[in-house]
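A short write-up of the structure that comes next.
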Amino acid sequence: MSVELPERVRALRSAEVPPDGILEGPRHLSRLHEDAQSREYEMFTSRPLGRVIGAEITGVDLSRPLTPRLRDELNRALLEWKVLFFRDQRIIPEQQRAFARNWGPLETNPFLPAGDSDEVTRFARGAGMPGFENIWHADTTWRPEPALGSVLRLVEVPPLGGDTLWADMAAAYDNLPAEVRDRIDGLRAVHDFVPGFARFADHDLLARWQDRFPPVEHPVVRVHPETGRKTLFVNQAFTTHIVGMDRAESDRLLRLLFAQAHVPEYQVRFSWRPDTVAFWDNRATQHYAVNDYHPHARIAERVAIAGDRPF
């Protein structure tokens with residue numbers, strides 16, 4: 001894009017930067033939908049960890065059943081902060097599943113190792129199996145109805161490293177140039193499990209599931225079904241191309257859209273301790289597991305809540 005220089009510096013040569021780059025300058029950082037108002041929570045305490053995303057919740061015991069009122073207030077916190085963190089939660093997988101079921105039925109994932117049930121995915125990383133989740137992604141967007149959210153519990157924390165980052169994809173959308181937002185509204189993109197899992201999963205296993213999970217189309221910009229906010233809904237792990245667009249043009253546009261998750265102003269970075277649980281809204285975020293702890297062990301168990309079809 002060309003930069004118009006003031007008269008007093010006409011002596012400078014003309015300046016151009018790539019038209020699809022990310023430029024420095026102020027960001028528009030809105031945590032809530034423009035029609036929403038912030039309210040205090042009555043049943044727990046929240047401590048913000050980021051400007052637009054991430055809050056630590058205290059005063060909730062995840063080992064106990066939630067009352068309807070507590071569930072509704074936690075849901076409001078989830079919609080407002082996109083990812084919630086709970087420290088000092090000594091829960092077992094059965095209690096983790098029970099907590100997640102307050103938001104709906106649970107998914108299974110045939111491509112990842114299971115924990116004590118098929119509904120629990122176990123990530124056991126260490127010397128024999130380094131992590132592969134260090135890419136910005138949203139979970140199971142290769143499904144026609146991607147996950148609503150996920151609940152992750154750290155079983156073993158490395159002595160140093162192993163943080164996870166989340167990015168607010170509504171903020172990422174809000175800060176795109178107006179001409180880019182106009183261009184992508186209404187576009188659809190293809191999502192496929194193969195690119196995300198072929199790097200580390202057994203190819204025979206993937207081949208057996210190809211017919212069950214063919215590539216699917218989702219809107220490039222989805223509308224959050226509860227908040228009404230527009231969120232950028234493409235990710236580098238599973239999105240392959242934009243429908244109806246020349247491949248080179250699609251690749252260039254997707255590179256620009258993928259890069260939005262990398263902007264620190266839209267992120268929260270969380271350092272784990274034993275007995276910590278994270279609960280995030282998969283419809284509004286992407287996440288990245290930092291792979292800086294090898295060869296130390298990092299073991300986590302996740303349950304994913306079934307979602308709805310993006311629109």
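Only the coordinates and a few stated rules stand behind these numbers; no lab work does. Every value quoted in this text rests on a predicted model; they were computed, and no experiment measured them. With ideal geometry, Cβ positions are generated from the backbone for all residues, glycine too; neighbour counts draw on all protein chains shown.
Structural remarks
- Shape category assigned to the stretch 156-206 from the gyration tensor of Cα positions, a/c cut at 1.5: oblate
- For the stretch 19-67, trypsin sites (Lys or Arg not before Pro) meeting the loop criterion (DSSP other than H, G, I, E, B) and having at most 13 other Cβ atoms within 10 Å: ARG39.
- For the stretch 18-62, the extents of the C-alpha atoms along the principal axes are 50, 24, 16 Å, listed from largest to smallest.
- Charges were assigned to the Cβ only: +1 to each Lys and Arg, -1 to each Asp and Glu. The resulting dipole of the stretch 1-123 about its Cα centre is roughly 300 debye.
- Shown here: Rg/Rh (Cα atoms, Kirkwood Rh), derived from the displayed model; of the candidates (1) 0.99; (2) 0.94; (3) 1.07, it corresponds to (1).
- Note on the stretch 163-311: with charges restricted to the Cβ of Lys and Arg (+1) and Asp and Glu (-1), its dipole about the Cα centre is near 40 debye.
- Alpha-carbon centroids, the stretch 263-290 and the stretch 107-143: separation in whole Å: 16
- Gyration tensor (alpha-carbon) shape descriptor, the stretch 45-169, a/c threshold 1.5: rounded
- Segment ARG269-HIS28, extension gain: residue separation times 0.36 nm, minus the distance between their alpha carbons: 84.8 nm
- Across the chain, the longest run free of exposed loop sites, meaning GluC sites (Glu not before Pro) lying outside DSSP classes H, G, I, E and B with no more than 12 other Cβ atoms within 10 Å, spans 43-311.
- Summed side-chain charge close to LEU152 - residues other than LEU152 whose Cβ falls under 9 Å, Lys, Arg +1, Asp, Glu -1: +1
- With contributions of -39500 (n - 2.57) from each DSSP H run of at least four residues, the per-residue ellipticity at 222 nm computed over the chain stands at -5000 deg cm²/dmol.
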